[in-house]
Amino acid sequence: MSADSSGHVVSIKLYLAIFAALMVLTVITVAVAFVDLGPMNTFVALGVAVTKATLVILFFMHVKYSSKLTWLVVASGFFFLAIMLAFTMADVVSRGWLGTPGS
Amino acid sequence: MSDHATTHAYAHQFDSAEHQHSASQLGMWVFIAQEILFFGGLFVAYAVYRYAYPTAFAQGSHHLDVTLGCFNTAVLIGSSLTMALAVHGAQLGQRWTQVIFLVLTIVLGSIFLGVKAIEYGHKFHEHLVPGPGFVFDGDANHAQIFFSLYFVMTGLHALHMVIGIAVLAVLVWQAWRGAYGPSYYSPVELTGLYWHFVDIVWIFLFPLLYLIGRH
């Protein structure tokens, strides 16, 4: 950390490496989409997307070099998204499981 | 006001310029956390309806152009790189590096929007816009849900890019005037955070909209 500013200066080499990784992952996600993996297709696609997003957040958005408080805010954003998604889908998926009483 | 290029006094509520910088960064992240949930609602709607109508979603996805989507993904990731390099230039006080990379980011963002406009045009010609004129060979009713989500999600994403490009244009002007350097570059960094967030939204939209049921 430099003394005159709070920002960590990431090397251009690292930026280029992250860019290359994002491009390779894009090629992978497109290639995998044309292979039949059954329901795994969606999970692979989401796995690659999460990996790409993590790279962008950690390096392009400098979160790797940010304060704990920033980490907390970033994590809380995704945590509440996970709650919204998980609870909604828990309802939607389980609706038909018990049947309707009296019918 | 922080318009003065050389002296960067910090506002009285902060201990130091560094304190001010980290506070502005945190504020931007709070905004982005809100944006995650703002887009998140649409992603949840997508999950609910795709779970309910997987076939219609796969059929609808087949009508999207993978080549253009792929091209746009590359363009947007490229714009994230140029944005990161612009922030890098600002951190090191390199005036022309900032200006050039900010302009490149605007150019790449505009290419993305141009391609998106062409894609929207195709959808109108192919009667794939939800409404009375919707024509679809397959599960038309539920395919309309897919295309509604397609237009709202990509439209909201494009709106974010239009706003981003407008902010970048102001930054180009300010950077050209030499407003940003190692001791003060918060506006460049915060705009970078916003731009990268918009990139992340597309990273999820691309496989979820363009790549389902391709095999």
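Points to keep in mind about this one:
- Only one entry in B:G138, B:G133 is within 29 Å of B:G41 (Cβ to Cβ) and in contact with a His (Cβ under 6 Å, 6 or more places away or on another chain), namely B:G133.
- In the range B:55-69, of all residues being within 11 Å of chain A (Cβ to nearest Cβ) and touching a residue at least 60 places away in the same chain (Cβ under 8 Å), the one that is surrounded by the fewest Cβ atoms within 10 Å (Cβ to Cβ) corresponds to B:V66.
- Selection status of B:L193, within 12 Å of another protein chain (Cβ to nearest Cβ), within 13 Å of B:A86 (Cβ to Cβ) and out of contact with any Gly (no Cβ under 9 Å at 6 or more places or on another chain): yes
- Residue match in the range B:203-214 (condition: surrounded by 19 or more Cβ atoms within 10 Å (Cβ to Cβ), small (G, A, S) and not in a helix (DSSP H, G or I)): no
- Test: residue in the range A:68-77 that is without any contact (Cβ under 8 Å) to a residue 60 or more places away in the chain, within 28 Å of B:V75 (Cβ to Cβ) and loosely packed, with under 13 Cβ neighbours inside 10 Å: no
- Enumeration of residues in the range B:90-108 that are part of a helix (DSSP H, G or I) and among the aliphatic types (A, V, I, L, M): B:A90, B:V99, B:I100, B:L102, B:V103, B:L104, B:I106, B:V107, B:L108
- Verdict on A:A17 being without any contact (Cβ under 8 Å) to a residue 12 or more places away in the chain, more than 7 Å from chain B (Cβ to nearest Cβ), within 24 Å of B:W195 (Cβ to Cβ) and exposed (fewer than 14 other Cβ atoms within 10 Å of the Cβ): yes
- Those residues of the range A:29-67 which are aromatic (F, W, Y) and surrounded by fewer than 16 Cβ atoms within 10 Å (Cβ to Cβ), in sequence order: A:F34, A:F43, A:Y65
- Residues within the range B:75-108 that are more than 20 Å from B:S183 (Cβ to Cβ), touching a residue at least 60 places away in the same chain (Cβ under 8 Å) and more than 8 Å from chain A (Cβ to nearest Cβ), tallied: 5
- Here B:G138, B:G69 are screened, and the one residue that is of a type in the set (G, A, S) and in a loop (DSSP other than H, G, I, E, B) is B:G138.
- Residues of the range B:157-190 that turn out to be within 12 Å of chain A (Cβ to nearest Cβ) and under 30 Å from B:H62 (Cα atoms), as a count: 0
- Qualifying position, being under 22 Å from B:A52 (Cα atoms), assigned to a helix (DSSP H, G or I), among the aliphatic types (A, V, I, L, M) and at the interface with chain B (Cβ under 9 Å from one of its Cβ atoms), among A:A45, A:A90: A:A45
- Restricting attention to the range A:48-65, the residues that are in contact (Cβ under 8 Å) with a residue 24 or more places away in the chain and either within 7 Å of chain B (Cβ to nearest Cβ) or small (G, A, S) (or both) add up to 3.
Values in this text are rule-based calculations from the coordinates and carry no lab data. Everything numeric here is computed off the predicted structure, so don't read it as measured data. Quick reminder, even Gly has a Cβ in these numbers, built from the backbone with ideal geometry, and neighbours come from all protein chains shown.
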